[in-house]
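The values are calculated or read from the model by the stated rules, or taken from the named source; none is laboratory data. Please read all numbers here as calculations on a predicted model, not as lab measurements. In this analysis, Cβ positions are derived from the backbone assuming ideal geometry, glycine residues included, and neighbour counts consider all displayed protein chains. Just the protein is used for accessible areas: all its heavy atoms, side chains included, with ligands, DNA and RNA removed. Shrake-Rupley method; radii C 1.70, N 1.55, O 1.52, S 1.80 Å.
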Amino acid sequence: MNSSMPTSAPAEERAGFGILTAAKRHLLLLLDYFAQYAKVRVSYRGDFFISLATSFAATVFGIGFVVILFQKATQLAGWRFEEVLFLYGFTLIPYGIFNVISLNLYDFGNNYIIEGKFDRVLLRPVSSLFQVLFEAFRIESLQEVATGVFCMWWASRRLGLAWTPARFSMLAFFGVCAAVIYVSIFLLLSTVSFWFEDRIGVHPPVWNVIAFGRYPLSIYSGVVQFFLCWIIPFGLASFYPSVRLLGRTVTPEYAPFVPVVALVFLALAISVWNFGTRHYASTGS
C-alpha cells in the first residue's frame, strides 16, 4: 500500500505542472495576439478613432434613452433613475468585455467556414477555440467598460453607496460571470455554422435581446422574465448582480445562480464546439 505513494505523487505533480505550463503558454499567446492586433489597429489611427467615436456615440444614445425615459416618470417599477443607471452601467462592463473578444464569433460562419480559414486554424498546435476568440479584438469597445464604470460611480455617489473591498470584489466576480454568459451564448450560436453554412448566421435576433437585460426585470411579464433568466440569461447576468451590489432585495433572489449558469453555459458551449470541430468537413478551398 505504501509502495504506491512514491509513484502517484510525482504523477500528480507532473499533471499539475503540465496544466500550469499550458496556462502560462496560452496567457503569453493571448498577450502576443493582443499586442500585435493593437499595433495594427492603432496604426490606422483615422479608422480607429472613427470606430471609437461611433461606438461611444451608440453607448451615449443608449444612456440618453434612459435619461429621456425618466423625464416622463420618476420611477420605473419602483426603481429610481440612479438605480436604473447603476444597472445600465453594470451591464456595459461585461458587454464591453464580450465585445472586445467577440469579433470573430459574428463572422465565424462567413470567414472561417465558408471562406475555409478554419482549416488553417486546425493545423496549428493551439486550441481552435482559443485562436478564433483571440485572433482579433474590437479594442474600441473598451470604452463601454469605462463608460459603465463611470455610470456606476456617478449613480453610487447620488445613492450614497459606499464602495467597500467586498463590493469591489463582488463587482469583479459578477462582471466576469456575466461576460462568460455573453460569450458562451454567442459561441453556441457560432457552432451552428458547423452544420448550416450561412454568411449572416443566427446572431442578429439574439443580439437584440441584450437590450432587455439592461432594465429591471420587474417591468416584464413572468414569461419574459423566465426567458431572460433561464433560456437566454442576459437578464440573470445583469439584473440580479446589480440588485446585490445595490443592497436591494428581490424575490426570488437568483444572484447565487449567476456563476452556476455561467459555468453550465460555458461547459455546454465548449462541448458543442468540440463536437462540431470533430465533425467539421473541410471546404477544400
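Please identify the longest segment of the chain free of exposed chymotrypsin sites (Phe, Trp or Tyr not before Pro), where exposed means a DSSP state other than H, G, I, E or B and no more than 14 other Cβ atoms within 10 Å.
The longest uninterrupted stretch comes out as 45-162.
With +1 on the Cβ of every Lys and Arg and -1 on the Cβ of every Asp and Glu, and nothing else charged, how large is the dipole of segment 106-153 about its Cα centre, in debye rounded to the nearest 20?
I would put it at about 160 debye.
Can you tell me the alpha carbon radius of gyration of the chain divided by the globular rule-of-thumb value 2.2 N^0.38 Å?
Expressed relative to 2.2 N^0.38 Å, the Cα Rg reads 1.14.
Keeping all protein chains in place, calculate the accessible area per residue for segment 148-245 (probe 1.4 angstrom), answer in Å².
Value for segment 148-245: 46 Å² per residue.
Report the one residue of 154, 194, 127 whose Cα lies farthest in the direction of the positive end of the charge dipole of segment 122-220 (charges on C-beta: Lys and Arg +1, Asp and Glu -1; origin at the Cα centre).
Checked the options; the winner is 154.
Please report the relative contact order for segment 82-214, taking Cα pairs under 8 Å with a sequence separation of at least 6, and give it as a percent rounded to a whole number.
This gives 44 percent for segment 82-214.
Hey, got a sec? Which trypsin sites (Lys or Arg not before Pro) in segment 200-251 land in a DSSP loop and have at most 13 other Cβ atoms within 10 Å?
Qualifying residues, ordered by number: 248.
If you plug each phi of segment 197-210 into the Karplus form 6.51 cos²θ - 1.76 cosθ + 1.60 with θ = phi - 60°, what whole-Hz ³J(HN,Hα) values come out, in order, with x for Gly and Pro?
Whole-Hz 3J(HN,Hα) from phi for segment 197-210: 7, 8, 5, 8, x, 10, 5, x, x, 6, 4, 5, 6, 3.
Which value, in debye to the nearest 20, gives the size of the charge dipole of the chain about its Cα centre, when Lys and Arg are +1 and Asp and Glu are -1 at the Cβ?
Charge dipole, the chain, about its Cα centre: 480 debye, nearest 20.
What is the extension gain from residue 68 to residue 122, computed as 0.36 nm multiplied by their sequence separation minus the C-alpha to C-alpha distance, in nm to one decimal?
Contour length minus the Cα-Cα distance gives 14.5 nm.
Using the Kyte-Doolittle scale, find the helices of the chain whose mean hydropathy is at least 1.6 and whose Cα atoms extend 20 Å or more along the helix's long axis, counting only whole DSSP H runs. Kindly include the intermediate steps, with their values, before the conclusion.
Numbers: long enough: 5-43 (57 Å, 0.20); 45-72 (41 Å, 1.30); 81-101 (31 Å, 1.35); 142-159 (26 Å, 0.39); 165-191 (39 Å, 1.80); 257-278 (31 Å, 1.74).
Answer set is 165-191, 257-278.
Normalised by the number of residues in the chain, what is the relative contact order in percent for Cα pairs under 8 Å and 6+ residues apart?
So the answer I get is 23 percent.
How much of the accessible area of the chain, probe 1.4 Å, is carbon plus sulfur, in whole percent? Numbers along the way, then the final one.
On the way: 10380 of 15110 Å².
Carbon and sulfur atoms account for 69 percent of the accessible area of the chain.
Only sites in a loop by DSSP and with at most 15 other Cβ atoms within 10 Å count here; which trypsin sites (Lys or Arg not before Pro) in segment 20-58 make the cut?
Values: sites: 24, 25, 39, 41, 45; in loops: none.
Sparse-neighbourhood loop trypsin sites (Lys or Arg not before Pro): none present.
In straight Cα distance, which aspartates and glutamates are under 20 Å from residue 39, not counting same-chain residues fewer than 8 positions off?
47, 135, 140
Under a point-charge model restricted to the Cβ atoms of Lys and Arg (+1) and Asp and Glu (-1), what is the dipole moment magnitude of segment 141-232 relative to its Cα centre, in debye to the nearest 20?
440 debye
Considering only protein heavy atoms, what is the solvent-accessible area of residue 231 at a probe of 1.4 Å, reported in Å² to the nearest 10?
Spelled out: residue 231, probe radius 1.4 Å, area about 90 Å².
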